[in-house]
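These notes are about the structure you will find just below.
The values are calculated or read from the model by the stated rules, or taken from the named source; none is laboratory data. Remember, predicted model here, so these are calculated numbers, not experimental data. Heads up, the Cβs are rebuilt from the backbone with ideal geometry, glycines too, and the neighbour counts pull from every protein chain shown. Protein only, heavy atoms only, side chains kept; ligands, DNA and RNA dropped before computing areas. Shrake-Rupley method; radii C 1.70, N 1.55, O 1.52, S 1.80 Å.
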Amino acid sequence: IPLNQENLSNLPESVVVPKYDRNQLQAGIVHIGVGGFHRSHEAFYTDEFLSLSQSTEWGICGMGLREADRKIGDILKQQDYLYTLMVKHPDGRQENRVIGSIVDFVMACDDPHAATDKLAHEQTKIVSLTITEGGYNFNAATNEFDFSNPDVQYDLEHPDTPKMIFGFLTEALRKRRAAGIPAFTIQSCDNIQHNGDMTRKMLLAFAEKQDPELAKWIAAEVCFPNAMVDRITPVTTLQDISDLEEVGVQDLWPVTCEPFTQWIIEDSFSNGRPAWETVGAQFVTDVTPYELMKIRLLNAGHSVLGLLGSIHGHETIDGCIADPLFATYVRRFMDEEATPILQHVDGIDLDDYKSTLIERFGNPNIKDNLARICLESSSKLPKFLIPTIAENLAKGGGIKFATLVLAAWCYYSDKGINKFGDTLDIVDEMKDELHQFASKTESDSLSFLKLESVFGDLIQNEAFTQQYCYSVQTLYQNVDIEAQMNELLGEGV
Ligand code: NAD
C-alpha cells in the first residue's frame, strides 16, 4: 500500500501510525537538512510529543538548501510528508512506525524569498539544523569562520537571495526584527561539541560582516542551546525498502535506526519549545559532562574496535563485538581507562550506559563498517582518545589499552594492510603525513608520535613512551594483535 495520509488507516496493524490530527498542525519548527538523522531523531521525538499532547503548534516544516535535497522533498510531498521509521532491534525484531510530525517542505534554493519568509513567519519558533559538520563553515585548524568560501562572499553581497545557511538565517532574522517579531531559537543537532556555541559563533561572524547592527540584535535575542544527540542511523538501503514492502508498506524513502536514542539539551530557548522532556529528551543546564561521556566511551570505543579490528581483519563493529576478545577489551578500556576520569553525569548510571553501548555495538542488524569508523581518525583520536591517555598520565591512571590502539594506528597508517596482507581502505585528510611519520617506525620507534598536531606533547612522557615502544615494537615483529590484546587483558589492572 503506498504510504500517504489517506492510506494510513489501511496499513497493516503491526505498523504504528500517527493518531493526532495532522491537518491542525502549524509548523512551529523549521528544520534545515532533512537527512536520515533528523528523521530518526528530532522528528521522532516530536511525533511522540504530538501523540501524547494536544499541541497543534509544533509541527515541522522541512527545508533543503541544496539541490541534493530535492529528492527527499519530492518524495515527502508525494507521501503527504509521511515516512516510515524502521527500528531494528538486536534480536532481529523490527518495529515500523509512520512518523507524522513533518507537515511541509520548502526547497530554499528554488525560491530564497519564500524560504526566508517562512523562517521569518511568526509561527516559526525554532529553526533546527542537521547540516553536517561541513555545513558550519569553520576552519578546522582555527575554529574561525571561513570567509574564503565563495558562497559566503556571494551571500555577503546578496543579502536577500542567500545560498548558504548563515545567509538564510541572517536574512530571516533581519525580516523578523523589522516586523517586530521575536527571534526564533537556533537549535543545532549536529555531532559537534558545544554545537550551539559553534552555531552562534559562526552566525555572528557572518552577520557582523554583513550588518553589524543586526548582529548585535542577534547576539542579544537568539538562543542557541547546546545539545548532545545520539542514535545510530545508517544510510537506507534498497533492501530496507523491499523489506518494508514485504510488510505491506510502499515507502520510497524510509529510515532505519537502532532502538537506542538520546537527546540532552541545554534549556535555553528564545521563543518557546515543545515539552520534549515528556517523551524522553533530557533538559540540563550544562551539556558538557554528557558530551564527554559520549565522546570518551561511545566514540573512543568505536575507535578502539575500529583500529584494532581493522588490523585483525574484522569488517564491522558488530563483527568485533561478536568476538569475545574484542568485546572484553573494549569494556576493560572503558572501565579502567575512560571511566575513572569522567565527571559524574547526572541522571546516568555509567555501568548501565556502558553495557547498553556494548549491546548497541553488537546489534547485528546495524552493520557499521570499520572503514567508516576509522575515517578521519586524525581528527577523531585527538578528541576521543588522546585526552584520556594524557589525563591518566597526569593522574597515575592506566594507559595500556589505549596505547595499543595508537600503536595499531601507526601500523595501519604505515602499512595500510591487515594482518592477512589485505589492503585497508583508509580515508583521512592527513593520510600522507600520517604515513610519512609512521613509515620511519622500524628505525625510530617513536617516529609516529612526533606528529605534534595530532599527539601534542605525549612523546615527552616517559611512562607513555615506554608502553608505546613495547606495543609498537611487538606489533611490528609479529602482527598478532590478538596475542597483544590477550597479554594486556591477562596482566590484570
Ligand atoms: P544525511 O546525509 O542523510 O543528511 C545530511 C543533510 O545535511 C542533507 O539534508 C544535506 O543536504 C544537508 N547538508 C549537508 N551539507 C550542508 C550544507 N553545507 N548546508 C546546508 N545543508 C547541508 O546525513 P545524516 O545521517 O542525516 O547526518 C547528518 C548529521 O547528523 C551528521 O553530520 C551528524 O552531525 C548528525 N548525526 C548523525 C548520526 C547518524 O548516525 N547518522 C548520529 C548522530 C548525529
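Before moving on, here are some points about what is shown:
- Residues in segment 316-347 that are surrounded by fewer than 16 Cβ atoms within 10 Å (Cβ to Cβ) and at pLDDT below 95: 4 in all.
- Of everything listed in (1) more than 14 Å from C189 (Cβ to Cβ); (2) among the acidic types (D, E); (3) outside any loop (DSSP other than H, G, I, E, B), the single unmet condition for D286 is (3).
- The helices (runs of 4 or more DSSP H) falling completely within segment 387-485 that include 1 or more residues that are surrounded by fewer than 17 Cβ atoms within 10 Å (Cβ to Cβ) and polar (S, T, N, Q) map to 431-438, 452-455, 462-477.
- Unmet requirement for T256, which otherwise passes all of (1) farther than 30 Å from R70 by Cβ; (2) in contact with a helix residue (DSSP H, G or I) (Cβ under 7 Å, 6 or more places away or on another chain); (3) not assigned by TED's automatic domain parsing to the domain that holds L424: (1)
- T124 meets all of the listed conditions (1) open to solvent by less than 40 Å² (accessible area, probe 1.4 Å); (2) more than 14 Å from the ligand (Cβ to nearest atom); (3) part of a helix (DSSP H, G or I) but one, namely (3).
- Of all residues in segment 127-155, those satisfying the criterion of being surrounded by fewer than 20 Cβ atoms within 10 Å (Cβ to Cβ), away from the ligand (no atom under 12 Å from the Cβ) and not polar (S, T, N, Q) are A140, A141, E144, F147, P150, Y154.
Residue-wise test of (1) away from the ligand (no atom under 16 Å from the Cβ); (2) in a helix (DSSP H, G or I); (3) at pLDDT below 95; (4) not charged (D, E, K, R).
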{"position": "N23", "(1), (2), (3), (4)": "yes, yes, no, yes"}
{"position": "A27", "(1), (2), (3), (4)": "yes, no, no, yes"}
{"position": "H31", "(1), (2), (3), (4)": "no, no, no, yes"}
{"position": "V34", "(1), (2), (3), (4)": "no, no, no, yes"}
{"position": "A43", "(1), (2), (3), (4)": "no, yes, no, yes"}
{"position": "D47", "(1), (2), (3), (4)": "yes, yes, no, no"}
{"position": "T56", "(1), (2), (3), (4)": "yes, no, no, yes"}
{"position": "C61", "(1), (2), (3), (4)": "no, no, no, yes"}
{"position": "R70", "(1), (2), (3), (4)": "no, yes, no, no"}
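- Checked against the criterion of being in contact (Cβ under 8 Å) with a residue 40 or more places away in the chain and surrounded by fewer than 21 Cβ atoms within 10 Å (Cβ to Cβ), the candidates L11, L3, L50 yield just one match: L11.
- Within segment 186-235, if we keep just the residues that are hydroxyl-bearing (S, T, Y) and closer than 27 Å to R360 by Cα, the residue that is nearest to the ligand (Cβ to nearest atom) turns out to be T233.
- Taken across segment 23-36, residues that are surrounded by fewer than 17 Cβ atoms within 10 Å (Cβ to Cβ), without any contact (Cβ under 8 Å) to a residue 24 or more places away in the chain and under 21 Å from G248 (Cβ atoms) do not occur at all.
- Unmet requirement for E245, which otherwise passes all of (1) modelled with pLDDT of 95 or more; (2) within 30 Å of I1 (Cα to Cα); (3) within 16 Å of the ligand (Cβ to nearest atom): (3)
- When L381, L370, L357 are checked against the criterion of being open to solvent by less than 10 Å² (accessible area, probe 1.4 Å) and touching a strand residue (DSSP E or B) at 6+ places or on another chain (Cβ under 7 Å), a single residue qualifies: L370.
- Taking segment 224-247 as the range and being in a loop (DSSP other than H, G, I, E, B), closer than 20 Å to P289 by Cβ and in contact with a Phe, Trp or Tyr (Cβ under 8 Å, 6 or more places away or on another chain) as the test, the residues that pass are P225, R231.
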